[in-house]
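Enquirer: Sharing a structure, written as structure tokens. Questions coming.
Bear in mind that the values in this text are calculations on the coordinates, not laboratory data. The shown structure was predicted, so the numbers you read here are calculated from the model rather than taken from an experiment. All Cβ positions, glycine included, derive from the backbone under ideal geometry; neighbour counts span all protein chains shown.
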Amino acid sequence: MRLALKIAYDGTLYHGFARQPGIETIEGALEKNLREMGAIGSGEHLRVASRTDRGVSAAGNVVAFNTDMDSNSVVNALVHTLKGIWVVGFAEAPDDFNPRHALKKKYRYYLYNDGIDMAALKEAINLFVGEHDFTNFARLDGRNPIRKILKAKVSGSRILKIDFEGKSFLWNQVRRMVAAAEKAGRGEISIGELENAINGKSKINFGISPPENLLLVNLYYKKTLKFRGVEETGKFASEMAKKLEVKIAMSKDMVHVCKLPLTK
């Protein structure tokens with residue numbers, strides 16, 4: 001049986017996604033647990049939709065592998081054994097299913113708005129939509145730098161959410177696009193400068209935004225691949241959200257007290 005798992009994870013807890021000898025990674029942790037439960041053999045490896053960079057998190061990455069174990073048994077075992085990795089869905093997939101062949105991916109970058117010009121930021125983000133040579137906005141690794149951004153959107157007020165959708169992305173592409181757009185929003189570069197870089201009229205390095213604020217939101221496949229939800233993960237996520245709300249409230253109070261004048 002070919003089993004596909006939709007996974008979420010906190011990328012800050014691991015040294016990246018791709019397995020590396022002697023280093024704790026997301027792929028390594030998954031394979032280790034799957035081998036220990038007998039779901040995959042010692043020489044077998046996962047097929048992965050996206051090997052995200054160190055520090056990048058996901059809400060809907062996808063992995064696939066062949067197994068003789070019952071799908072519910074695999075999922076239930078993983079739910080209780082992984083640190084900072086959650087199985088949010090699973091599906092019995094066709095034998096030739098490769099998660100890399102998604103119809104499109106959606107990324108979201110979270111940016112704190114401390115005075116960014118929203119009109120300029122949105123104009124900058126919209127420039128990336130369409131097919132372009134993203135040489136100025138990626139760490140090139142020999143792949144074709146031509147990519148097509150299907151959709152880009154900015155939402156939010158204090159915490160901005162910058163969404164990008166496309167079939168495929170280059171290494172560091174999203175973080176470099178965000179870095180450039182943020183510079184435009186802060187008036188550090190002009191829209192014209194950014195447009196020239198996108199059109200290949202100039203070569204410039206706009207820098208790269210931190211990985212901790214980037215989330216791989218979801219991957220989209222043909223409707224024939226139907227993921228079933230995992231109730232236990234849903235309950236855990238709900239409890240985790242409540243704890244985070246409490247922690248945020250505590251942090252705000254700490255900041256408030258720290259700003260108060262010292263008294264004798």
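Enquirer: What do you get for Rg/Rh over the chain if you use C-alpha atoms and the Kirkwood form of Rh?
Expert: Value, to two decimals: 1.02.
Enquirer: Convex hull over the Cα atoms of segment 104-217, averaged projected area in nm²?
Expert: Working: hull surface 25.4 nm².
Mean projected area for segment 104-217: 6.3 nm², to one decimal.
Enquirer: Calculate, in nm to one decimal, what residue 251 and residue 70 gain on full extension: separation in residues at 0.36 nm each, minus their alpha carbon distance.
Expert: Between residue 251 and residue 70, full extension yields an extra 60.8 nm.
Enquirer: Hey, can you rank 7-17, 205-215 by average C-beta count inside 10 Å, highest first? Don't skip to the end; give the middle numbers.
Expert: Details: 7-17: 19.3, 205-215: 17.5.
Put in order of decreasing packing, that is 7-17, 205-215.
Enquirer: Oh, and also: Could you give the length gained by full extension between residue 15 and residue 157, i.e. 0.36 nm per residue of separation minus their alpha carbon distance, to one decimal place?
Expert: Numbers: separation 142, 0.36 × 142 = 51.12 nm, distance 3.16 nm.
Answer, rounded to one decimal: 48.0 nm.
Enquirer: Can you list residues from other chains, or at least 5 along the same chain, whose modelled amide H is less than 5 Å from the amide H of residue 221?
Expert: Result for residue 221 returns 103.
Enquirer: Quick test of the membrane-span-like rule: which DSSP H helices of the chain reach at least 27 Å along their long axis (C-alpha atoms) with mean Kyte hydropathy at least -1.0?
Expert: What comes out of the filter, once short or polar helices are dropped, is 231-259.
Enquirer: Continuing with this model, one more query. Rg and Dmax of segment 2-101, using alpha carbons, in Å: what are they?
Expert: So, for segment 2-101, Rg and Dmax equal 12.3, 33 Å respectively.
Enquirer: Below 8 Å between Cα atoms, with a sequence gap of 6+, how large is the relative contact order for segment 110-264 in percent?
Expert: 23
Enquirer: In addition: Taking the dipole about the Cα centre of the chain, with the C-beta of Lys and Arg at +1 and of Asp and Glu at -1, give me whichever of 199, 87, 9 is farthest to the positive side.
Expert: Of the listed residues, the answer is 199.
Enquirer: Could you name the lysines in cross-link range of residue 242, using Cα to Cα under 30 Å and dropping any fewer than eight places away on the same chain?
Expert: 6, 83, 105, 106, 153, 161, 226, 252, 259
Enquirer: Here is a follow-up. Is there a quick way to get the dipole size of the chain? I mean about its Cα centre, with the Cβ of Lys and Arg at +1 and of Asp and Glu at -1; what is the value in debye to the nearest 20?
Expert: With only Lys, Arg, Asp and Glu charged at Cβ, the dipole is about 500 debye.
Enquirer: I want to verify a result. In a Gaussian network model of the chain, Cα cutoff 10 Å, which of these has the top mean-square fluctuation: 185, 200, 142?
Expert: Taking springs between Cα atoms under 10 Å, the residue moving most is 142.
Enquirer: Continuing with the same structure: Sorting check: for 126-134, 237-245, 216-224, which peptide has the highest mean count of neighbouring beta carbons within 10 Å, and how do the rest follow?
Expert: So the peptides 126-134, 237-245, 216-224, ranked by packing, come out 126-134, 216-224, 237-245.
Enquirer: Also, quick follow-up: Going by average Cβ density within 10 Å per residue, which order do the peptides 147-153, 78-84, 19-25 take, highest to lowest?
Expert: 147-153, 78-84, 19-25
Enquirer: With a cut-off of 8 Å between alpha carbons and a minimum separation of six or more residues, what is the relative contact order of segment 2-101 in percent?
Expert: 44
Enquirer: Determine the calculated [θ] at 222 nm for the chain from helices alone, applying -39500 (n - 2.57) to every DSSP H run no shorter than 4 residues and normalising by the residue count; nearest 500 deg cm²/dmol. Intermediate results must be reported in sequence, preceding the final value.
Expert: Numbers: 6 runs with 80 residues, N = 264.
After summing the helix terms and dividing by the residues of the chain, the value is -9500 deg cm²/dmol.
Enquirer: For the chain, what relative contact order do you get, as a whole percent, if you take Cα pairs closer than 8 Å and at least 6 residues apart? List each step's numbers first, then the result.
Expert: Working: 491 pairs, mean separation 59.5, N = 264.
In percent, rounded to a whole number, it is 23.
Enquirer: Still on this structure: Give me a comma-separated list of calculated 3J(HN,Hα) values for segment 57-63, in order, Karplus coefficients 6.51, -1.76, 1.60 applied at θ = phi - 60°, integers in Hz, x for any Gly or Pro.
Expert: For segment 57-63, the Karplus-derived couplings read 9, 9, 10, x, 6, 9, 10 Hz, x marking Gly and Pro.
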